[in-house]
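One structure is given here, and the rest of the page talks about it.
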Amino acid sequence: MTEMLSGGEILIRALQDEGVDRIFGYPGGAALHIYDALFKQQRVDHILVRHEQAATHMADGYARATGNPGVVLVTSGPGATNAITGIATAYMDSIPMIVISAQVPHDVIGTDAFQETDMIGISRPIVKHSFIVRSASEIPWLVKQAFYIATTGRPGPIVIDVPKDTTDPNELFEYSYPESVSLRSYKPALKGHSGQIRKAAVAMLKAKRPVIYAGGGVVQGSADDELVKVARLTGFPITNTLMGLGSFPGDDPQFLGMLGMHGTYESNNAMHHSDLIIAVGARFDDRVTNNPAKFCPGATIIHIDIDPATISKVIPADIPIVGPAKPVLADLHASLEAEMTKHPIDQASLDEWWRRIALWRQEHGLDHDQRDRTSESGQLLPQQVIQAVYRETQGEAFVTSDVGQHQMFAAQYYRFRKGRQWINSGGLGTMGFGLPAAMGVQFAMPDATVVCITGEGSFMMNMQELSTCMQYALPIKIINLNNQALGMVKQWQDMQYSGRYSHSTYSDALPDFEQLIRSFGHHSFTANTIEELDSVVEEAFSPKLKDKLVFINANVDPDEHVYPMFVRGGSLEDMVLTKGLA
Amino acid sequence: MRRLLAVLLENEAGALSRVIGLFAQRNYNIESLTVAPTEDPTLSRLTLLTEGDDEKIEQVTKHLNRLIEVVKVNDLTDGAHIERELMLIKIRTEDKEHREEIYRTCRIFRGDVVDVTPDSYTVQLTGPTKKLFAFMRSIGETSILEVVRTGVSGIARGDKILEL
C-alpha cells in the first residue's frame with residue numbers, strides 16, 4: 001500500500017530512511033511545517049541549538065568523529081545566513097554535511113519577502129552541491145542524491161533549500177524512497193590506477209630520503225590502518241598535516257610530528273631535504289608549503305588524492321594517483337610487497353636518512369617535558385597545560401580546538417593515537433568552532449572523553465552553547481588557555497609589526513569565567529600555577545565529574561609564542577625557533 | 001594562450017550560475033560564453049572562451065569537471081575545430097555613395113543586410129571572430145552605431161564529437 005505524506009513528513013521520513021538518527025537545528029517561520037513533522041515522530045532526534053552557526057559546527061564535529069554526514073535544519077533568511085560560516089568550514093575541510101534550509105514559499109520568492117534570502121546563491125561557492133525543492137514529490141530523490149554526493153568522492157556539504165509551500169501539511173503525496181542513485185555527470189573514482197600505483201612503489205623503493213606526508217584525506221577516508229601498514233613495511237619517516245594528525249600514532253618514533261607553518265623542526269627539515277615525497281590525502285596548502293617556488297627542491301612528488309583538481313594545483317606531481325586513500329594505500333602496500341622481491345629498499349641510505357632526522361629532532365624537537373621550562377613572567381605556559389591534559393587523558397580523548405595559538409599548541413603537544421580523535425577547523429580557521437564541534441562529538445560518543453581546547457577569544461564566539469550543553473547534559477571538558485588576548489594575532493604583531501597590538505587585547509573586559517560557567521550549571525576551575533593545574537586537571541577528569549561539563553580557566557603567559565614558525569616567503573627549512581631571532 | 005572549451009551541462013536551473021560562479025571564485029577569465037540546449041533537451045552545451053597557459057587550463061578543466069552538473073569538458077583548441085560567431089551591426093550611412101560602399105563591403109564579407117532605414121543599414125555577419133573585427137575595421141569606427149555579438153560557438157572538425 002502506498003503511503004500518503006505531506007512534503008514536511010516526506011522530508012523527515014527520507015532522513016529516517018537514510019539512517020539519520022539526529023539533526024541539529026533551530027526553528028523559524030518557513031521551517032514550521034517541517035518542525036511539526038518532526039514533532040510527530042520519534043526516530044530522528046532534534047538538538048535545539050542557540051545559534052545556527054553552532055548547529056553546523058555540531059553536525060560537523062559529529063561527522064568528523066563518526067564519518068557519517070551531519071545534518072542541520074535551519075529556517076530561511078537569518079537562519080540560513082547564520083549557517084554559512086559552518087558550511088564554509090565543512091567545505092574547506094571536506095566534511096560530509098547536509099544543510100536543510102527552509103525558504104519562503106515559491107509564490108513570494110524574489111519579492112524580498114520577510115526572512116527571504118537567496119540561500120542557493122549565497123552558499124554556491126562553499127557547497128559541493130545544492131538543490132532547491134520544486135515539488136514535494138521530488139524530495140526523496142533529492143535527499144537520496146544529497147547524501148550520495150556528500151559522502152562519496154571528496155566529501156563536502158550539500159544545501160537543500162525547501163520553500164515552505166512544498167512542505168504544506170494539506171497536500172499529500174505518495175512516498176517511496178529510492179534504493180540507489182546513479183548520476184551520469186558524477187562518477188567519483190573508487191580506486192587508483194594500478195599502473196600509477198606500481199610506478200609509485202618502484203619510486204619508493206629507489207628513494208634514499210623519502211618522507212610520507214599524510215593529510216586529512218587519510219582521516220576522512222578512514223585509511224589509518226592502510227597508512228600505518230605502508231609506513232611499517234617501508235620504515236619511512238612520516239609526517240602529518242594539521243588535518244591528518246592521528247592517522248599515524250603521534251607517540252611513535254617513526255612519526256616526525258606535524259609539518260608546516262608551526263610544524264616540527266625535524267619534519268620540515270626532512271621534507272625540505274627529501275628526494276621523494278609520498279603525499280596522501282593532502283593538498284599542499286600554503287600553510288604547509290611556505291613559498292611553493294622554494295618547496296622541497298630535490299623531491300620527486302607522488303600525490304595520492306581523491307580529487308583530481310587537488311593534484312598539481314600548487315605543486316606539480318610527478319606521479320599523480322587519483323583515488324580514495326583507503327584502496328590506494330592497500331594497493332600500494334600490495335604493490336610494494338611484490339616489487340620488494342625484485343628491488344629491496346635501500347636500507348643503508350634509509351638508515352643514514354634516519355640518523356640525519358635524529359639529529360634534527362635532538363637539536364630542536366618538541367619531545368621534551370615542558371614542565372622543565374619556566375616563563376619569564378613565572379606564569380603557567382600553555383604547552384604545560386596541553387601536556388597535563390594529554391597525560392591525564394592518556395592520549396585517548398577526542399580533542400576539538402578553536403583557532404589560534406592554543407590550536408597549534410594542541411596540535412604540537414597532544415599526541416593523537418588514531419584518526420578522528422583530533423577535530424579542528426584547519427582550512428577555514430573558524431574561531432568559535434571548538435565548543436559546538438565538541439558537542440557534536442559528545443552526542444555521537446556519549447561515553448567518550450571529549451575535550452575542547454580553546455582560548456578565551458574563540459570561546460566567546462560561541463559560548464551561548466553552554467546553555468545547550470546544560471539542556472542535554474553534555475559532559476565536555478573545556479580547557480581555556482586564557483592569555484587575555486588574541487594570541488596568534490598578537491604573536492604576528494610582535495614579529496611583524498614591532499609589537500603594535502592593534503585591537504588584539506581586551507584584558508580589562510573579560511568575564512569572570514568561573515561565575516559565567518556556573519551560571520549555566522556547569523563546573524568551573526581556575527589554574528594559575530603548575531600545582532593548581534595538576535590538581536584541577538585531575539579533578540576535572542575524575543570519575544566524580546565524569547557526567548559534568550567542566551571548564552578549566554588556565555591563566556597562561558600572555559607573551560608566549562608558538563614555535564617553530566615559518567620565515568615568510570622562505571622554504572620549509574626556514575624557521576624561527578625562538579623569540580628574538582625573527 | 002586563447003582557449004575554447006566545449007562543455008556539456010545538465011539543462012537544469014542554476015547549473016549555468018555554478019559555471020560562471022566558478023570562474024569568478026577561482027579568478028579565471030571568461031572572454032565569451034554561449035549556451036543553449038542541444039538536440040537532447042536534458043543537456044545544454046556551452047562554448048567558453050578563456051585565456052591561460054596549459055597549467056591554468058588543466059585547473060579550469062578539472063574544476064569544471066568537479067561541478068556535479070558538468071557532464072563533459074573538452075578543449076577544442078587542442079585539435080582542429082570550427083569557430084563561428086554571429087554579429088548584428090547597425091551602421092550609419094551618409095549619402096548614396098557611402099551606402100553603396102557599405103553594401104559592397106557587406107557583400108565582400110558575405111554579410112546580409114537585414115534591416116534598412118534611410119540613414120542606416122543593419123547587417124548580419126557570421127564567421128570567426130577575426131572576420132567580424134576585419135569587417136568592423138573596414139566599415140570604420142565613425143560609422144558604427146551599435147554592435148551585438150553572440151560570442152563564439154565551436155565544434156571539432158572531422159568525426160570527433162562531444163558525447164556522453
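Based on the Cβ-Cβ distance from residue A:496 to residue A:314, what FRET efficiency comes out when R0 is 22 Å, to the nearest 0.05?
So, using R0 = 22 Å, E works out to roughly 0.40.
Nearest 100 Å², what total accessible surface is buried between chain A and chain B (probe 1.4 Å)?
1500
With a 1.4 Å probe and all protein chains left in place, how much of the accessible area of the stretch B:1-96 comes from carbon and sulfur atoms, in whole percent?
The nonpolar share, carbon plus sulfur, comes to 50 percent.
At what distance in angstrom do the alpha carbon centres of the stretch A:123-188 and the stretch B:53-82 lie from each other?
So the separation of the two Cα centres works out to 27 Å.
With the full set of protein chains in place, find how many percent of the accessible area of the stretch A:1-118 is carbon and sulfur; take the probe as 1.4 Å.
Taking all protein chains in place, the stretch A:1-118 shows 52 percent carbon and sulfur surface.
Measure of size requested: the Rg and Dmax of the stretch A:60-188, with Cα atoms as the atom set and Å as the unit; please supply both.
14.6, 41
Determine the shape class of chain A: with a ≥ b ≥ c the square roots of the Cα gyration tensor eigenvalues, call it rounded for a/c under 1.5, and otherwise prolate if a/b is greater than b/c, oblate otherwise.
Oblate, since a/c reaches 1.5 and b/c is not below a/b.
Kirkwood hydrodynamic radius (Cα pairs, Å) of chain B?
Final number for the Kirkwood radius of chain B is 17.6 Å.
Filter the cross-link list A:294/B:72; A:206/A:294; A:579/B:56 down to pairs whose alpha-carbon distance in this structure exceeds 29 Å.
Where the Cα-Cα span goes over 29 Å, the pairs concerned are A:294/B:72; A:579/B:56.
Report, as an integer, the average count of C-beta atoms from other chains found within 10 Å of each Cβ along B:2-12.
That works out to 1 on average.
Percent relative contact order of the stretch A:362-502, based on C-alpha pairs within less than 8 angstrom and at least six residues apart?
Contact order relative to length: 22 percent.
Would you mind checking the pairs A:229/A:342; A:326/B:62; A:144/A:164; A:326/B:160; A:128/A:313 and listing those with alpha carbons more than 27 angstrom apart?
Long pairs (Cα-Cα over 27 Å): A:326/B:160.
To the nearest 20 debye, what charge dipole does the protein assembly as shown have about its Cα centre, counting +1 at the Cβ of each Lys and Arg and -1 at the Cβ of each Asp and Glu?
It works out to roughly 1680 debye.
Can you work out the FRET efficiency for the pair residue A:180 and residue B:113, with r the C-beta to C-beta distance and R0 = 45 Å, to the nearest 0.05?
0.20
Which residues in the stretch A:490-532 place their backbone N less than 20 Å from a point set 7 Å from the Cα of residue A:559 along the Cα-to-Cβ direction?
Zone members listed by number: A:490-508, A:528-530.
With the dipole of the protein assembly as shown worked out from charges on the C-beta (+1 for Lys and Arg, -1 for Asp and Glu) around the Cα centre, which of A:214, A:160, A:247 lies farthest toward the positive end?
Comparing the listed Cα positions along the dipole, A:214 ranks first.
So how far apart, in nm, are the two label points at residue A:338 and residue A:362 if each is 7 Å from Cα heading toward Cβ?
4.2
Which peptide among A:184-194, A:446-456 comes first, and what is the full order, when sorted by highest mean count of other Cβ atoms within 10 Å?
Most protected by this proxy first, the peptides run A:446-456, A:184-194.
Using a 10 Å cut-off around each Cβ of peptide B:20-28, what is the average number of partner chain Cβ atoms that fall inside?
Average neighbour count from other chains, rounded to a whole number: 1.
Quick one: putting +1 on the C-beta of Lys and Arg, -1 on the C-beta of Asp and Glu, what dipole do you get for the stretch A:445-559 around its Cα centre, in Debye to the nearest 20?
Charge dipole of the stretch A:445-559: 340 debye, to the nearest 20.
Could you give the accessible area per residue of the protein assembly as shown, probe 1.4 Å, as a whole number in Å²?
42
Just want the answer: with Cβ charges of +1 for Lys and Arg and -1 for Asp and Glu, which residue in A:30, B:91, A:258 is farthest toward the dipole's positive end in the protein assembly as shown?
Farthest towards the positive pole: B:91.
Place a point 7 Å from Cα of residue B:59 in the direction of its Cβ. Which residues in the stretch B:1-37 have their backbone N less than 13 Å from it?
Within reach of a label on residue B:59: B:23-29.
Pull out the extension gain between residue B:80 and residue B:163, defined as 0.36 nm times the separation in residues minus the alpha carbon to alpha carbon distance; nm, one decimal.
Working it through step by step, the gained length comes to 28.1 nm.
Label points 7 Å out from Cα along the Cβ direction at residue A:137 and residue A:355: separation in nm?
7.7
Around residue B:154, what is the net charge, scoring Lys/Arg as +1 and Asp/Glu as -1 over all other residues with Cβ under 13 Å from its Cβ?
Once all neighbours under 13 Å are counted, the net charge is +1.
Name all residues of the stretch B:103-118 having a backbone nitrogen under 17 Å from the label point set 7 Å from the Cα of residue B:88 along its Cα→Cβ direction, giving them as ranges.
Residues B:111-117 qualify, since their backbone N sits under 17 Å from the label point.
On each of the three principal axes of the Cα atoms of the stretch A:412-489, give max minus min coordinate, whole Å, ordered largest first.
Projected onto its principal axes, the Cα set of the stretch A:412-489 covers 35, 31, 21 Å.
If amide hydrogens are placed 1.01 Å from N in the peptide plane, which non-local residues have theirs closer than 5 Å to the one on residue A:556?
Answer set, sorted by chain and number: A:482, A:483.
Normalised by the residues of the stretch B:1-138, what does the relative contact order come to in percent, with Cα pairs under 8 Å and at least six apart?
Relative contact order of the stretch B:1-138: 24 percent.
Taking the Cα centre of the stretch A:257-401 as origin, sum charge times position over the Cβ atoms of Lys and Arg (+1) and Asp and Glu (-1), and report the length of that vector in debye to the nearest 20.
My answer is approximately 260 debye.
Across peptide B:63-72, how many C-beta atoms of other chains are within 10 Å of each residue C-beta, on average?
Taking all residues of B:63-72 together, the mean is 5.
Modelled label-to-label distance, residue A:515 and residue A:567, 7 Å Cα→beta-carbon offset: nm?
So the two model labels end up 5.0 nm from each other.
Can you work out ³J(HN,Hα) from phi for every residue in the stretch A:280-294, in order, using Karplus 6.51 cos²θ - 1.76 cosθ + 1.60 and θ = phi - 60°, giving whole Hz and x for Gly and Pro?
9, x, 10, 10, 6, 4, 5, 7, 9, 7, 6, 6, x, 5, 10
Mind ranking A:522-530, A:291-299 by how tightly packed they are, going by the mean number of other C-beta atoms within 10 angstrom, highest first?
Peptide ranking by packing, descending: A:522-530, A:291-299.
Calculate the all-directions average of the projected area of the stretch A:89-140's alpha-carbon convex hull, and give it in nm².
Approximately 4.3 nm², given one-decimal rounding.
Sort the following peptides by mean Cβ neighbour count (other Cβ atoms within 10 Å, averaged over residues), highest first: B:149-155, A:403-409.
A:403-409, B:149-155
So which residues in the stretch A:160-193 end up with at least 30 square angstrom less accessible surface once the other protein chains are there, compared with the chain by itself, probe 1.4 angstrom?
Listed by number, the residues meeting the 30 Å² cut-off are A:184, A:185.
The values are calculated or read from the model by the stated rules, or taken from the named source; none is laboratory data. For clarity, every value in this text was computed on a predicted model and none was experimentally measured. Counting neighbours? That spans all protein chains shown, and the Cβs are built from the backbone with ideal geometry, glycine included. Please note that ligands, DNA and RNA were not included when accessible areas were found on the heavy atoms of the full protein model with its side chains. Shrake-Rupley method; radii C 1.70, N 1.55, O 1.52, S 1.80 Å.
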